[in-house]
1. Have a look at 149, 32, 357 and tell me which one the Gaussian network model of the chain (Cα, springs below 10 Å) gives the largest fluctuation.
2. If I model a spin label as a point 7 Å beyond the Cα along the Cα-Cβ vector, how far apart are those points for residue 58 and residue 89 in nm?
3. Would you mind working out the accessible area per residue for segment 168-243, using a 1.4 Å probe, and quoting it in Å²?
4. So what does the Cα-only Debye profile of segment 271-311 read at q = 0.21, 0.26 Å⁻¹, as log10 I(q)/I(0), no solvent term?
5. How far apart, in nm, are two points set 7 Å out from the Cα along the Cα-to-Cβ line at residue 139 and at residue 248?
6. Calculate the dipole size of segment 15-125 relative to its Cα centre from +1 charges on Lys and Arg beta carbons and -1 charges on Asp and Glu beta carbons; express the result in debye to the nearest 20.
7. Evaluate the Debye formula for segment 1-155 with equal point scatterers sitting on the alpha carbons, no solvent, and hand back log10 of I(q)/I(0) at q = 0.09, 0.16, 0.19 Å⁻¹, in q order, two decimals.
8. Determine the dipole magnitude for segment 255-397: charges of +1 sit on the beta-carbon of Lys and Arg, -1 on that of Asp and Glu, nothing else is charged, the reference point is the Cα centre, and the result goes in debye to the nearest 20.
Amino acid sequence: MKKICFIADSIFKSAGMQRVTAVIAEELTKYYDVTIVTFEDPQQKDLKMYDLEKYPINIVFTHFPETGKWKSLLYNIYSYLYKNILPKTALTSDLYAHSSFPKQRREAVVKVLKEGQYDTIIAVNSYLSMRLATIKKDLGGVKAIGWIYNSFNAFLREGSPYLGTELKYHYGRQLQKLDETVLLYLQDSEMYYHAYGFSPFVIPNPLTIKPGLPASAKNKRFLAVGRLTPKHKGFDLLIKAFDKFAQTNQDWYLDIVGDGPEKEMLNKMIENRYLTRRVKIHPYTENIQMYYSQASVYVSSSRWKDFGLVLVQAMAHGLPVISSDLPSSKEILGDFGMYFKNGDVDELAKRLEDATYMEWQKKSDEAIMLAQRFDVKVIAEQWKTLIESDGQRKRKG
């Protein structure tokens, strides 16, 4: 039986990427000997999280050793030079890869990974994918796969909180050292092809929860779920649009489920518009199915996206979906979605109104059918195909 390893910053946290990693790792235990290497404190271990105790998954804890003060200073100086002054070449990129991943840390990670004698190693996120690329030649014949959760634009756009444009060349240069790179969207694979000359493998995320009771049109409730971080999910747009909608509709309500730094500001928006009776922000719960079951229409007002897992969860409960016209949303929803122009409050308010008149049951049945494409068994087969492939990627010219 082949041995595969997921290397992740964390697995024992309640977050989207951790849940997806756990669910896919669990399904792949049907075919492989599976290990998760994590950089968490061993005291965080909780195998009941994501039902990990039910599966034969090996958990290995490791950590990055400290880097000396003077070495850190030198690395920081080179980092500044690379980002702001030096030409972007293969040589300067490789030097930056080593300066941002110091020798002591590289050797520590290589030691842990070589001890596992894995056939395939999958790095869970963009940063660890670049780290894996840096040490790949030290790991022997292992198949190295980078798993990218962020969209191309979100990760590399001007002013991005992740990499930004100054590391765009470096990012592509390092990923090309891997055998494969996995993305969530076909549109992003095309962007990588145009930017870097290779087409990453596209595997969407699976549905990670067991659906609760089917939704009902009778509840007359809009629902939005997500972390309350500034601008990203567009909850401010949604509240403004609901305010316009509520001026002519007295029957429907809005529930927002999530936690984060934007919560106080959003609650003030609700209070200032006298909507406290009809709009509620609820803390996130592991029993998120309850909110999907109690809703009638799901609304995604995101300005930009990672993978829209909540869209899949909503459809699995039979919810019609209103969404901003992001290409990532359209890739998941297709013709099923009810779209509005990204950032357009008036158009979103119109979609809210349109949803109250639609043929709800037909839409609900279509939602459940579409969600079946994201069943974990279907997604695991795509991972299995990738793991068993020869790793030859399509390149330009």
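1. Among 149, 32, 357, the largest mean-square fluctuation in the Gaussian network model of the chain belongs to 357.
2. 4.3 nm
3. Roughly 38 Å² per residue, with all protein chains present.
4. Here log10 of I(q) over I(0) equals -0.97, -1.15.
5. 5.7 nm
6. 560 debye
7. -0.33, -0.96, -1.24
8. 320 debye
The values are calculated or read from the model by the stated rules, or taken from the named source; none is laboratory data. Values in this document were obtained by computation on a predicted structure and should not be read as measured data. Ideal geometry is used to build each Cβ from the backbone, glycine not excepted, and the neighbour counts take in all protein chains shown. Note: areas computed on protein heavy atoms with side chains; ligands, DNA, RNA excluded. Shrake-Rupley method; radii C 1.70, N 1.55, O 1.52, S 1.80 Å.
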